[in-house]
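Worksheet: the structure to be examined is printed underneath.
The values are calculated or read from the model by the stated rules, or taken from the named source; none is laboratory data. Please read these numbers as outputs of a predicted model, since none were measured by experiment. Neighbour counts are summed over all protein chains in view; Cβ atoms, including those assigned to glycine, are modelled from backbone coordinates with ideal geometry. Side chains included, ligands, DNA and RNA excluded: accessible areas come from the protein's heavy atoms. Shrake-Rupley method; radii C 1.70, N 1.55, O 1.52, S 1.80 Å.
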Amino acid sequence: MLKNLNPVITGSLTVSLVCRLSSMNCLLTFLWRYTRVVKNYVLKRLDLVTRIEIVLFFGFLLFYCLFAWNREFSWTLKIKGQVEVWQKFVLFCRFFILFLPVTAFTMAGKRLRTRANDILLALPVPGKILASERLLDLVLPLALFYPLWLALYFLFARYAALTPGSFVLLAFALTGWYFFAVFTGLLLFIVLRLPHKLTDLFIVVVMAAVLLFTVILAGHIQTINWQWLYALVLPTLTIIAVYTGLRILTATVAKCPERLAPQQAKARLLTSKLLLQIFTLPTPRRLVALVVKDCTFTFRNYKSFIMIFLALLIILVIGIAKSSQAHDGIQWFLSINIAAAWILANAAFRFVDQRAESLAIIRSLPIKPVTYWWAKFWQAFLPVVWLVIAGTIIFILKFGFTELALYESITAILFIAFTLIFMQTNFALYSYPYPRYAVLWYNLYLILAVAFFTVLLSPLITIGFLLFGYGAIFLVLKRINNVEIIND
């Protein structure tokens, strides 16, 4: 057939076909790169024990979440009926859907303008393919949570007595809702940070309004008409969001590639310096300089830690302020602070996640290992101290000084938080310079301690666990002096 065509047309079609195949090959190469990165990370950076721990930890976490929701739905169905089952599921959906765009917006700020763009922009890759890779890199982490969302829906459908048609239709509706929320957050960041047209801004405003509308009226999704509306409209809007984001990224790669360059470090403001000095007031004086240095590094590179702290602070203040009785306020004060200590301890593993060469610099400084250890401890312990201070002030303003249980709660919180973060610092520094793996050991250690205390009813073994966790500081200090530095 090609022989009968004009040679110019034939050549044009051939070039077009080659370009399309080349573009497809580039996209497949990028997709293959993700699999290779994960494979190399698992095989080369994790030993066999750590891999087994990862599987056990995430398997236990998934089992616990599904078991908890299954028990909640079962109890609700027996006590209150299917109407309450729907209400619980809608409440979960509202929370998760609001969580997705906020997380997508925050994550895009970190992953869109990275150092990898300098290399990618220098490659002979079509702009559309490069833009597709950047968009895929933004979506992939959040897409990994979709199976959990679907598993929870299957549990809900088991107790909601859905018909087969309604089951499939609602699954499509929830899928569209999930990815619509993700792309709304991503597109909002892209439009705010990259060159765009007024029509793009209008699209984002409409999508944000639709998303808010779906969250407010989420209770109507149990009716068949609203299920059809969600299943048809939201996937369509998701496709529009993907196309709009891809077009903006492609135009940016072609015309303004410097907008994808890594962000420059911003100058520190006097106000931030003053806030940092106030934040470190509870720190022992001999550690202030080190803690200020560590907090400055953390707040510049791990802004998510600030968001976690502020979110916990807001939840704590609102919970105590809205409590009608002192007993409820104390329960809220105790539970939120203990949960905050565990969350902040897990987040603090990233503070010492540095390259192996950094240990050579640390050991060359006139700083004792124990001083370095306590500085890392206070970096994670300070937020808990401020949460306790804020909660105490709000509680006293609302209920007064008369509650003895408040001071007992403060003592319990400080002890539990001190223990959690003390052990976290031991786990993190002992596994230096690869502390990100230690978080698995740390949480399994805590799970075993809680299991011995609650399930097996063996307080002596639990005390032994705690004493070993405290005593590990001597092993950590010895290892800091004797660990061999190997370039990774």
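Points worth noting:
- Subset of the range 211-220 (residues that are under 17 Å from A181 (Cβ atoms), in contact with a helix residue (DSSP H, G or I) (Cβ under 6 Å, 6 or more places away or on another chain) and not small (G, A, S)): L211, V215
- Residues within the range 457-468 that are in a helix (DSSP H, G or I) and either modelled with pLDDT under 75 or more than 17 Å from M423 (Cα to Cα) (or both), tallied: 5
- Looking across the range 318-355, just one residue is in contact with a Pro (Cβ under 6 Å, 6 or more places away or on another chain) and either on the phi > 0 side of the Ramachandran plot or among the acidic types (D, E) (or both), and that is D353.
- Considered as a group, the residues in the range 322-339 that are open to solvent by less than 50 Å² (accessible area, probe 1.4 Å) and among the hydrophobic types (A, V, I, L, M, F, W, C) include one that is nearest to V388 (Cα to Cα), and that residue is F333.
- Considering only residues in the range 48-68 that are surrounded by 11 or more Cβ atoms within 10 Å (Cβ to Cβ) and farther than 19 Å from P147 by Cα, the one that is modelled with the lowest pLDDT turns out to be V49.
- Residue among L135, L130, L100, L142 that is surrounded by 15 or more Cβ atoms within 10 Å (Cβ to Cβ), over 21 Å from the mean Cα position of the chain (by Cα) and in a helix (DSSP H, G or I): L130
- Residue within the range 69-85 that is among the aromatic types (F, W, Y) and at pLDDT below 80 present: yes
- Tally, over the range 269-287, of residues that are farther than 23 Å from I393 by Cβ and open to solvent by less than 80 Å² (accessible area, probe 1.4 Å): 2
- Selection from the range 234-264 of residues that are out of contact with any Ser or Thr (no Cβ under 9 Å at 6 or more places or on another chain), open to solvent by 30 Å² or more (accessible area, probe 1.4 Å) and at pLDDT 85 or above: T236, I239, I240, V242, Y243, R247, A251
- Look at the range 338-350: where a residue is of a type in the set (V, I, T) and a partner is crowded, with 21+ Cβ neighbours inside 10 Å and assigned to a helix (DSSP H, G or I), sitting 6+ places away or on another chain with Cβ atoms under 9 Å, you get I338/I413; I338/A417; I338/L420; I343/L312.
- Within the range 365-405, being over 24 Å from I278 (Cβ atoms), of a type in the set (A, V, I, L, M) and assigned to a helix (DSSP H, G or I) holds for V370, L404, A405.
- Here L91 fits the description: loosely packed, with under 14 Cβ neighbours inside 10 Å, part of a helix (DSSP H, G or I) and touching a helix residue (DSSP H, G or I) at 6+ places or on another chain (Cβ under 9 Å).
- Test: residue in the range 152-171 that is in contact with a Gly (Cβ under 9 Å, 6 or more places away or on another chain), modelled with pLDDT of 90 or more and surrounded by fewer than 19 Cβ atoms within 10 Å (Cβ to Cβ): no
- Among the criteria (1) exposed (fewer than 15 other Cβ atoms within 10 Å of the Cβ); (2) of a type in the set (D, E, K, R); (3) within 29 Å of I306 (Cα to Cα), the one K80 does not fulfil is (3).
- In summary, L249 fulfils each of the numbered conditions (1) in contact with a helix residue (DSSP H, G or I) (Cβ under 7 Å, 6 or more places away or on another chain); (2) more than 19 Å from A108 (Cα to Cα); (3) of a type in the set (A, V, I, L, M, F, W, C) with the single exception of condition (2).
- Taking first residues from the range 389-417 that are of a type in the set (S, T, N, Q) and partners that are open to solvent by 30 Å² or more (accessible area, probe 1.4 Å), the Cβ contacts under 6 Å between residues at least 6 apart in sequence or on separate chains come to S409/L334.
- Going through (1) over 30 Å from K78 (Cβ atoms); (2) open to solvent by 70 Å² or more (accessible area, probe 1.4 Å) one by one, F189 falls short only on (2).
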